[in-house]
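Colleague: One structure is given below, represented as structure tokens, and several questions about it will come after.
The values are calculated or read from the model by the stated rules, or taken from the named source; none is laboratory data. Because the structure is predicted, anything quoted here is derived from the model rather than measured. Virtual Cβ from ideal backbone geometry, glycine too; neighbours counted across all protein chains shown. Just the protein is used for accessible areas: all its heavy atoms, side chains included, with ligands, DNA and RNA removed. Shrake-Rupley method; radii C 1.70, N 1.55, O 1.52, S 1.80 Å.
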Amino acid sequence: MSLAVRPGIMDIAAYVPGEHDLPGSGPIYKMSSNESALGASAAAMAAYGKAASELHRYPDGASHALRTALAREVGGKEDEIICGTGSDDILVLITRAYAGPGDEVLYSRHGFLIYPIAAQSVGATPVTAPEKNLTTDVDALLAKVTPQTKICFVANPNNPTGSYIPASEMRRLREKLPQNVLLVVDAAYAEYVDKADYTDGSELVKEFDNVIVSRTFSKIYGLAALRLGWAYGQKSIVDVLHRIRGVFNVAAPAQIAGVAALADRDHVQRSKAHNDHWLPWFENQMKAIGLHPYPSVTNFILVRFPSDPKLNADAAEKFLKSRRVLVRKMGAYGLPDCLRITIAEEAAVKACAAALAEFVQGAATQ
């Protein structure tokens with residue numbers, strides 16, 4: 001081929017989403033992507049359906065109605081909100097705007113894989129800081145800061161570990177980081193957390209001009225198929241991102257469904273209640289069969305498996321597939337001895353727990 005690819009692009013390991021299909025017939029219990037167990041609300045689906053008659057129209061390029069509704073959620077202003085094609089789209093926009101060749105993008109060791117991909121895509125260098133008990137370590141992040149550091153990504157709660165840091169630690173990080181380093185708080189799972197010492201970081205946006213918080217409709221709101229995300233930051237940052245975002249970057253049906261989803265608080269509460277029940281239930285099931293589930297404040301749980309080839313994560317994932325249960329392997333995150341398991345619908349959670357119990361019992365009798 002005579003075309004020359006920009007240096008560094010071919011070094012990027014492309015993001016691989018969770019598996020969604022299996023050969024054969026019968027129900028598939030999909031627990032490989034952190035989707036809503038209850039799906040989208042009836043109100044959001046109805047709003048989406050009404051948009052069908054207007055598919056020949058361009059969407060509102062500025063997503064005014066959605067941004068206004070989101071601004072009310074965080075107590076901000078419309079010009080402090082940007083919407084995108086999923087929160088990962090906004091994370092990439094942020095990286096394009098504030099980093100480039102010769103710069104460094106900092107994140108914790110087991111952070112979201114989009115962070116290094118975004119960094120490499122603009123020619124910047126991704127830099128990881130070690131974690132403490134699979135939890136973001138503020139001191140470790142600060143120790144990795146150099147004059148080349150331009151962005152610090154912190155997923156809070158973190159995917160795939162399910163852990164979080166308290167508001168006091170996030171504030172300490174912002175106060176200790178250099179002023180010219182943008183702190184990006186990726187709070188995709190914020191709605192699932194009810195810890196008294198947790199916040200999504202919105203209060204920092206109100207106080208500092210170098211913080212932006214990203215959120216998503218793909219998790220508790222159940223709109224993953226529509227690819228709808230947003231971020232809250234001071235106008236000076238958001239204005240920069242609007243200049244480089246795609247024209248008409250959010251489809252009209254997604255905007256309409258997003259507004260309806262925000263208004264349907266009962267559905268969000270039901271989704272939260274479902275997770276509050278089945279997350280600890282599944283955790284206890286894993287402990288009962290001798291596996292190690294890490295504490296989680298999200299809608300998924302990370303489970304560590306023994307090194308014994310009969311009981312390791314690869315063997316478990318293969319066995320689960322034989323029972324038509326899909327989970328997420330974690331080798332790409334540097335956690336090859338773990339599987340990430342989403343708290344899906346009740347039938348899926350029970351099927352996965354039963355299959356893993358069968359797997360462990362079978363390995364013990366071999």
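Colleague: Cβ contacts < 6 Å: first residue farther than 17 Å from E346 by Cβ, restricted to region 280-292; second residue surrounded by 11 or more Cβ atoms within 10 Å (Cβ to Cβ) and hydrophobic (A, V, I, L, M, F, W, C), any location; separation 6+ or different chain. Result?
Modeller: I289/A357; I289/V360; L291/V303
Colleague: Moving on. So in region 53-68, with the set limited to residues that are in a helix (DSSP H, G or I) and without any contact (Cβ under 8 Å) to a residue 60 or more places away in the chain, which one is surrounded by the fewest Cβ atoms within 10 Å (Cβ to Cβ)?
Modeller: Filtering first and then ranking leaves S53.
Colleague: While we're looking at this one, here's another question. Which residues, counting only those in region 224-246, are in contact (Cβ under 8 Å) with a residue 40 or more places away in the chain, open to solvent by 10 Å² or more (accessible area, probe 1.4 Å) and farther than 30 Å from N180 by Cβ?
Modeller: A224, L226, R227
Colleague: Continuing with this model, one more query. Hey, could you check region 85-101 for residues that are assigned to a helix (DSSP H, G or I) and among the polar types (S, T, N, Q) and say which is farthest from T146 (Cα to Cα)?
Modeller: Per the criteria, the residue is S87.
Colleague: Looking at (1) within 20 Å of the chain's Cα centre (by Cα); (2) surrounded by fewer than 22 Cβ atoms within 10 Å (Cβ to Cβ); (3) assigned to a loop (DSSP other than H, G, I, E, B); (4) not aliphatic (A, V, I, L, M), which one does Q179 not meet, given that it meets all the others?
Modeller: (1)
Colleague: Of the residues that sit in region 271-312 and are of a type in the set (D, E, K, R) and within 30 Å of S41 (Cβ to Cβ), which one is surrounded by the fewest Cβ atoms within 10 Å (Cβ to Cβ)?
Modeller: D276
Colleague: Of all residues being assigned to a loop (DSSP other than H, G, I, E, B) and charged (D, E, K, R) in region 102-139, which is nearest to the chain's Cα centre (by Cα)? Just the residue, please.
Modeller: Per the criteria, the residue is R109.
Colleague: Out of (1) open to solvent by 20 Å² or more (accessible area, probe 1.4 Å); (2) part of a helix (DSSP H, G or I), the odd one out for A71 is which?
Modeller: (1)
Colleague: For A47, state whether it is in contact with an Asp or Glu (Cβ under 7 Å, 6 or more places away or on another chain), surrounded by 15 or more Cβ atoms within 10 Å (Cβ to Cβ), in contact (Cβ under 8 Å) with a residue 60 or more places away in the chain and not aromatic (F, W, Y).
Modeller: no
Colleague: When you scan region 139-166, how many residues do you find that are open to solvent by 10 Å² or more (accessible area, probe 1.4 Å), under 24 Å from F300 (Cα atoms) and either polar (S, T, N, Q) or touching a Pro at 6+ places or on another chain (Cβ under 6 Å) (or both)?
Modeller: Total meeting the criteria: 3.
Colleague: Here is a list of conditions, (1) open to solvent by less than 20 Å² (accessible area, probe 1.4 Å); (2) more than 19 Å from D11 (Cβ to Cβ); (3) in contact with a helix residue (DSSP H, G or I) (Cβ under 6 Å, 6 or more places away or on another chain), and E169 meets all of them except one; can you say which number that is?
Modeller: Tallying (1) open to solvent by less than 20 Å² (accessible area, probe 1.4 Å); (2) more than 19 Å from D11 (Cβ to Cβ); (3) in contact with a helix residue (DSSP H, G or I) (Cβ under 6 Å, 6 or more places away or on another chain), E169 fails exactly one: (1).
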